[in-house]
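Okay, structure first, notes after.
Each reported figure results from applying straightforward, stated rules to the coordinates on display, with no laboratory input. The structure presented is a predicted model; accordingly, all values stated were derived computationally and were not measured. Note that each Cβ is placed from the backbone with ideal geometry, even for glycine, and that neighbours are counted across all protein chains shown.
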Amino acid sequence: MTLIGDLVEILGPDRVLSEPLERYLYGTDGGVARGEVIVVVLPETASEVSDVVIAAKRHGSPIVPRGAGTGLAGGAAPAVPSVVVSLTNMKNIEIDLGNRTAWVGPGVINLDLSKLTRSSGFHFAPDPSSQSACTIGGNVANNSGGPHCLAEGTTTSHVLAVEIVTADGEIVLLGGPAPDPIGLDLRSVVVGSEGLLGIITRTLVKLTPNPLDVRTILAGFATMEDAVATSSGIVARGVVPAALEIMDQKMTRAVENFVGAGFPTDAAAILLAEVAGHPAAVEAEARLVEQVANENHVTSLRVAADGVERAKLWLGRKSAFGAVAQLAPDYYLHDTVVPRTQLVATMQKIYEIAERHDVLMLNVFHAGDGNLHPLVAFDASVEGQLDIVHAAMEEVARVCIEAGGALSGEHGIGLEKRDLMPLLYNEADLDAQARLREAFDPDGLFNPQKVLPAGSRCADLGRPLPTGAWL
Amino acid sequence: MTIAAVFASYVRPAVADSGLPECDLMVAPQTIDELEHILDLASEHQLKAVIWGGGTHQGIGGRIDPDLLIATSQLNRLIDWQPEDFTVTVEAGMRVSDLEEMLADRGQMAVLPELPGAATIGGVMAAGVSGWRRARYGPTRDRVLEVDLVTGDGRRVRAGGRVVKNVTGFDLPRLAVGSYGSLGVIAQACLKLWPEPSTKVTVSVADGDRALATAYRPTAVVESDGVAKVYLGGTEAEVDGQVEALDGTVVPGWSWEPEPTGVVGWSLRVPPASTRSAIERLPSGWRYQAGLGVGEIKAASVDAEGAAELRAWAESQGGALVIVSGPAGLYSDMDPWGTPPPGLDLQRELIRRFDPCRVVNPGRLPGGI
Ligand SMILES: Cc1cc2nc3c(=O)[nH]c(=O)nc-3n(C[C@@H](O)[C@H](O)[C@H](O)COP(=O)(O)OP(=O)(O)OC[C@H]3O[C@@H](n4cnc5c(N)ncnc54)[C@H](O)[C@@H]3O)c2cc1C
Ligand SMILES: Cc1cc2nc3c(=O)[nH]c(=O)nc-3n(C[C@H](O)[C@H](O)[C@H](O)COP(=O)(O)OP(=O)(O)OC[C@H]3O[C@@H](n4cnc5c(N)ncnc54)[C@H](O)[C@@H]3O)c2cc1C
């Protein structure tokens, strides 16, 4: 029987998509890479996923797991012709308020979980800007962040257990509802594994109590340096706000035009700071934010008067990438990290790089944790443009690593940054990563040729695996 | 050449200090390069090595009759502290108490176990233990940004980075937490720090559960043998407001109770909402300290009477009852961990690739791996 025939037998014809258009649509994600899809399947249970994995393996077809396809690093774009397993039909949610947790299917949309738990006083803390579209499975696979991960931590801090289907088609539960599950903490390494270690079919996530009080402060500055100094100054004074986001003027203007959030378009940079928690803490922390902003020559300062105004400010922040569509048909969104103290110097170098390559760059970033998102708006149909953008962005990555930073803070490595990994890790480091991958998936069935550059697994390092039984 | 002669240059007098077990070969590498060489040699000679941090919790897990003891006491340097970035990088043999003392000078904290005794950073990470403040700050695994491991066959491997947010590659730093050396020796780590709250108090309350429900995200609520204390931190106004609602006796600062001690030490882990039920199920005579809202209970008893039933119940809740310390005989009567977790094959495959000759702490993990 053919692969497609086998898959139809498992899922029925409606959940096996093999028309050219369907295959085309699933060939890319939110990033710029595109790959070849053999067939798309839409399983609804872990055991269906397991059957699909076994069938694909029998036919020697690689598998790419996929959520909403909003990833930006090409994680869900096949690097080689693959079966795409879309998890969007797996939307079960079981809430356990007593333990402040929920079991969620990988296809649950991030925002839907918070909406569902809001009236009980809880939310799911990781809030990527794409939260109205991206799935929890994708969040877990990418260890996604969001503005509010500054105080609450990224997705990994909110995952207690994951159920995965392994490359053998086995369904395994890693972690559990009690603290410190015994044995190696495989759950922690499946989080952020970008679909290379297994297919996530269920996750036990923590729910976070909604803050008693929130204050959102919008500050404008005449220079980017002042905005960054304010953000770093707040953290250095011992306050970890709920969020600290900065936008440059180009971005602010694009957003204003797009959603009219009320951002000051004359400011060179704006800082969106949110403090949340106990009312008394909020009061004191808001005062500190204002004080540090004043010390750094703030030019305008506004506190959101109510929930409506706050929601508008956040809509502005979270629409930033969408707003860029007004400027050019395509955009390339980068994601790197530097130590907070290196922000000012690094931003300067990044603007220089943009100027040198003559590209239109806009910046919006998670200043509180040093996570940068330089974005280049361009037209991919103009020949050579994408190459120029790639060249500029590679320089940005180098500059960030030289500053003591990392290649990705939240979007992942995927295809996009795979070949840059040696900038950060040496042979032995990459070999260790490859060994880890090999332990889960020795044949490279899941999402092959992602994250680790070719040749990462280095046979010359270390002692050969002894043959025969041990352990 | 005898094995002792091979290792001769690494044997340091400092090893002879405190409470070490009987072992013919005891080494204390002074640099990570030396540690690499030692593990390479140990692999070559197929030795079983135990890693010794502070030695405070060698009772956890399967018993080992080691050929070699590797003390991390000399690997105790501060590598890099960036107060403004809230990160610190230290060698694994540094004592937790020394680190926290140093950080406190600049109003920072690593939020590791509160009464660490001689425990080292590497030991705390390897054993995957957290302090009670995990209720507010998350467990130790949330603090580890970068790790340098020396694998069982002597390769230095670095993963993660010295930044507070990072998804570059697989999360080996978190995997190292709770690995009990099975992937290798933790040689160095970068930790994320937190600002010390300007005001800290401890409030003794009559009803811990009620306090937990009343307080807004307290630092910790810990009940020791029926006596509950709420730990609060934050700005003065916030703490004052919270204290009022709690209606208890207040002392300034965080005053932590020593954990219960006895012939047998236990770690009982249950889903947070089952903590009260777990306390009620402790066999009579057991002393305990429980993190309310966390689900972690440290207990001590004179023997293992009733432990099997308690373990069966804990496991039925998705938790565990782990032996932390006890007489040698206990370990042959009762598995130190209980029922091994699912995914044991994956764990084995992983360990095989990091420690192919199974040198470091062999058999310490659940399932005897
Ligand atoms: C439930 C529970 C509650 C606890 N509560 C507290 C508490 O409140 N306060 C407190 O201070 N402590 C507490 N501990 C103990 C814990 O913090 C230990 O102090 C710490 O884990 C041991 O550190 P150590 O340096 O003494 O290491 P050791 O006891 O020497 O080693 C612990 C384990 O880790 C391995 N190991 C040590 N160093 C390394 C390394 N560098 N690389 C790889 N493996 C290594 C050892 O071989 C051993 O298996 C608790 C432990 C448990 C299980
Ligand atoms: C406008 C916009 C804004 C964004 N803002 C943010 C932001 O603020 N923070 C942030 O972190 N990211 C952001 N992103 C990136 C993206 O939304 C996140 O990475 C998101 O978590 C991806 O989820 P998804 O469901 O779309 O996953 P996909 O893109 O479908 O997949 C992402 C990766 O996860 C794997 N995967 C998906 N599901 C599974 C599964 N069930 N099991 C195993 N592997 C799986 C895929 O193979 C792929 O490698 C943004 C993207 C866009 C387009």
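For region A:135-221, a/c is not less than 1.5, where a ≥ b ≥ c are the root eigenvalues of the C-alpha gyration tensor, and a/b tops b/c. That puts it in the prolate class. Charge dipole of region B:295-356 (Cα centre as origin; +1 on each Lys and Arg Cβ, -1 on each Asp and Glu Cβ, all else neutral): 260 debye, rounded to the nearest 20.
When the charge dipole of the protein assembly as shown is built from unit charges on Cβ atoms (+1 for Lys and Arg, -1 for Asp and Glu) and taken about the Cα centre, the candidate among A:Val255, B:Gly295, A:Val40 whose Cα reaches farthest toward its positive end is B:Gly295.
The C-alpha atoms of chain B define a longest principal axis, and helix B:344-354 lies at about 50 degrees to it. Here the contact order of chain B, divided by its residue count and restricted to Cα pairs under 8 Å and six or more residues apart, works out to 17 percent.
In units of the rule-of-thumb radius 2.2 N^0.38 Å, region A:320-471 shows an alpha carbon radius of gyration of 1.25. Which value in Å does the Kirkwood hydrodynamic radius of region B:22-147 take, with 1/r averaged over all unlike C-alpha pairs and then inverted? That comes to 15.6 Å for region B:22-147. Summed over qualifying helices (DSSP H, 4 residues or more, each -39500 (n - 2.57)) and divided by its residue number, chain A shows a 222 nm mean residue ellipticity of -10000 deg cm²/dmol. With the convex hull of its Cα atoms as the shape, region B:217-369 has an orientation-averaged projected area of 11.7 nm².
Put the Cα centre of region A:141-158 next to the Cα centre of region B:127-188 and the gap is 17 Å. Annotation: Cα Rg of region B:150-237 relative to the compact-globule expectation 2.2 N^0.38 Å equals 1.61.
Here region A:1-159 yields Rg over Rh of 1.01, to two decimals, using C-alpha coordinates and the Kirkwood radius.
Directionally averaged projected area (region B:93-223, Cα convex hull): 9.2 nm². For region B:233-256 versus region A:401-471, the spacing of their alpha-carbon centroids is 48 Å. Here, P(r) means the percent of Cα pairs in each 10 Å bin from 0 to the largest distance; for chain A it is 4, 19, 29, 26, 16, 5, 1, 0. Less than 15 Å Cβ to Cβ from A:Ala325, Lys/Arg counted +1 and Asp/Glu -1: what total charge do the surrounding residues give? The answer is 0. When Rg and the Kirkwood radius Rh are both evaluated on Cα atoms of chain B, their ratio Rg/Rh stands at 0.97.
In percent, rounded to a whole number, the relative contact order of region A:362-459 is 20, using alpha-carbon pairs under 8 Å and six or more apart.
Ordered by the count of other Cβ atoms within 10 Å of each Cβ, fewest first, B:Cys23, A:Cys400 give B:Cys23, A:Cys400.
If R0 equals 35 Å, the separation of the Cβ atoms of B:Arg287 and A:Glu170 corresponds to a calculated FRET efficiency of about 0.25. Hey, rough spin-label estimate for A:Val308 and A:Asn257, points 7 angstrom out along Cα→Cβ, what's it come to in nanometres? Placing both labels 7 Å beyond Cα along the Cβ direction yields 2.8 nm. Extension gain for the segment A:Arg34 to A:His59, taken as residue separation times 0.36 nm less the Cα-Cα distance, is 6.7 nm to one decimal.
With all projection directions averaged, the alpha carbon convex hull of the protein assembly as shown covers 34.2 nm².
Across chain A, Cα pairs under 8 Å and at least six residues apart give a relative contact order of 15 percent.
Pairs exceeding a 28 Å alpha-carbon distance, out of B:Lys48/B:Lys298; B:Lys48/B:Lys192; A:Lys250/A:Lys349; A:Lys57/B:Lys165; A:Lys115/B:Lys192: B:Lys48/B:Lys298; B:Lys48/B:Lys192; A:Lys57/B:Lys165; A:Lys115/B:Lys192. If you look at the Cα atoms of region A:379-418, you get an Rg and a Dmax of 11.9, 35 Å. Taken about its Cα centre, the protein assembly as shown carries a charge dipole of roughly 500 debye when the Cβ of each Lys and Arg holds +1 and the Cβ of each Asp and Glu holds -1. Cα convex hull, region B:298-369: 106 Å³ per residue, rounded to a whole number.
May I ask for the angle, rounded to the nearest 10°, between helix A:385-402 and the longest principal axis of chain A, with both axes built from Cα atoms and the value confined to 0 to 90°? The answer is roughly 80 degrees. Using θ = phi - 60° in the Karplus curve 6.51 cos²θ - 1.76 cosθ + 1.60, the 3J(HN,Hα) couplings for region A:56-66 round to 4, 5, 4, 8, x, 9, x, 10, 10, x, 8 Hz; x is entered for Gly and Pro. With respect to chain A, whose longest principal axis is taken over its alpha-carbon atoms, helix A:307-318 is tilted by about 60°.
Expressed in Å, the radius of gyration and Dmax of the Cα atoms of region A:96-158 are 10.8, 29. Listed by chain and number, the aspartates and glutamates whose C-alpha is less than 13 Å from the C-alpha of B:Lys200, apart from same-chain residues fewer than 8 away, are B:Glu236, B:Glu238, B:Asp240.
Per-residue 3J(HN,Hα) values for region A:322-337, derived from phi via the Karplus relation 6.51 cos²θ - 1.76 cosθ + 1.60 with θ = phi - 60°, read x, 5, 5, 4, 5, 8, 7, x, 10, 9, 10, 9, 8, 8, 9, 10 Hz in sequence order (x marks Gly and Pro).
Taking the number of Cβ atoms within 10 Å of each Cβ as an exposure proxy, the fewest-first ranking of A:Cys458, A:Cys149 is A:Cys458, A:Cys149.
Springs between Cα atoms under 10 Å define the GNM used for chain B, and in it the highest mean-square fluctuation of B:Thr151, B:Thr87, B:Thr214 occurs at B:Thr214.
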